[in-house]
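This is the structure I have questions about; it appears just below.
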Amino acid sequence: MAHYEHFLLEVEGSITTVTFNRPERRNGLNAAVLGELEAIIHRVRDDGRTRALILTGAGTVFCAGAEPRSVADRASEGDLAGSSVDGPRMIGRIFDQLAHLEVMVVVAVNGHAIGGGWSIALAADYCLAVPEAEFWVPEVDLGVPFRGLSSFALTHRMGPWLAKEAVILCRRFDATELCSLGIVNRVVDPATLLEEARAVAERFAAQPAKAAVNTKRDVNAVIYGPRYY
């Protein structure tokens, strides 16, 4: 099995669990982390056996988005973590790959999901979150526009007025409120989060694969437009 510096990967039958494993950095994103995540997505896409993918985080934060220095650099230099990689474009590419992956994606949000971390959660097919989790997009506060398919998804699910409050006023939302808005499927106890995520993944994996994937594609076409069909 391949070794990953920033992630833990566990394969059990037709379910693959991927864990952000940088708790000391609040599971923040930089060019190396994003590149590794993209490689894992490609592996899941091509392995021929994964039917459901679980994404979660180690520690008490799901994903804190771009690391603080990276956000400031991005505003002035257009990159992430001092690399030549365009961070927002890379996050957008990962969102697109997750949203259109021919595997059902379950996200288990074990803590705050911030900026790019919320984008990754929005790309999933099913979202569970702990009561303590908060979701917000700090980009505009930091002088960086929030763009791409994740902004389309957020607007489609929240409606334009609340979406502007989220992405322009950078308002924080807790898991319970997002559950009432239909953006989080269920709020669950931290002690049972992964168990319940696994149960959902098993239900997805048990569905006829072709029917599930084609239906996912139909739903995504409503959100992202027919060019993504």
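Values in this text are rule-based calculations from the coordinates and carry no lab data. Treat the numbers as computed from the prediction; the structure is a model and nothing was measured. Please note: Cβ atoms are built from the backbone with ideal geometry, for glycine as well, and neighbour counts cover all protein chains shown.
How much of the DSSP beta bridge set in the chain is antiparallel, as a percent to the nearest 5? Numbers along the way, then the final one.
Details: 8 of 30 bridges.
Around 25 percent of the beta bridges assigned by DSSP in the chain are antiparallel ones.
Taking 0.36 nm per residue of separation and subtracting the Cα-Cα distance, what length does fully extending Ile168 through Arg25 add? Let's see the in-between values first.
Numbers: separation 143, 0.36 × 143 = 51.48 nm, distance 2.58 nm.
Gain on extension, Ile168 to Arg25, equals 48.9 nm.
Here is a follow-up. So for the stretch 1-68: antiparallel DSSP bridges make up what percent, rounded to the nearest 5? Don't jump to the answer; show the numbers that get you there.
On the way: 6 of 13 bridges.
Bridges in the stretch 1-68 are about 45 percent antiparallel.
Figure the gain on full extension for Glu196 and Arg89 (residue separation times 0.36 nm, minus the Cα-Cα span) and round it to one decimal in nm.
Details: separation 107, 0.36 × 107 = 38.52 nm, distance 3.23 nm.
So the extension gain works out to 35.3 nm.
Further, regarding this structure: Would you work out the charge dipole size for the stretch 116-203 about its Cα centre, treating the Cβ of every Lys and Arg as +1 and the Cβ of every Asp and Glu as -1, and quote it to the nearest 20 debye?
Details: 8 positive and 12 negative charges, 72 e Å.
Roughly 340 debye, rounded to the nearest 20.
What is the spin-label model distance, in nm, from Glu38 to Glu132 if the labels are put 7 Å beyond Cα along the C-beta direction?
In this crude label model, Glu38 to Glu132 measures out at 3.3 nm.
Now, a different point. Go ahead and estimate [θ] at 222 nm for the chain from helices alone: -39,500 (n - 2.57) per DSSP H run with n ≥ 4, summed, over the residue count, rounded to 500. Let's see the in-between values first.
Numbers: 9 runs with 100 residues, N = 229.
So the calculated ellipticity at 222 nm is -13500 deg cm²/dmol.
Please list, in order along the stretch 50-57, the HN-Hα scalar couplings obtained from phi with the Karplus expression 6.51 cos²θ - 1.76 cosθ + 1.60 (θ = phi - 60°), rounded to whole Hz, x for Gly and Pro.
6, 10, 8, 10, 10, 10, 8, x
Ok, one more. In the chain, if the dipole is taken from +1 on Lys/Arg beta carbons and -1 on Asp/Glu beta carbons about the Cα centre, which of Val167, Phe62, Gly225 is farthest to the positive end?
Positive-end residue among those listed: Gly225.
Given the Cα-Cα distance of Glu177 and Ile223 and 0.36 nm per residue of separation, how much length would full extension add, in nm? Spell out each step's value before the answer.
Working: separation 46, 0.36 × 46 = 16.56 nm, distance 2.11 nm.
My answer for the length gained is 14.4 nm.
Explain nothing, just the number: dipole magnitude of the stretch 91-155 about its Cα centre with +1 on each Lys and Arg Cβ and -1 on each Asp and Glu Cβ, in debye rounded to the nearest 20. Walk me through the numbers before you get to the answer.
Values: 2 positive and 7 negative charges, 30 e Å.
Once rounded to the nearest 20, the dipole reads 140 debye.
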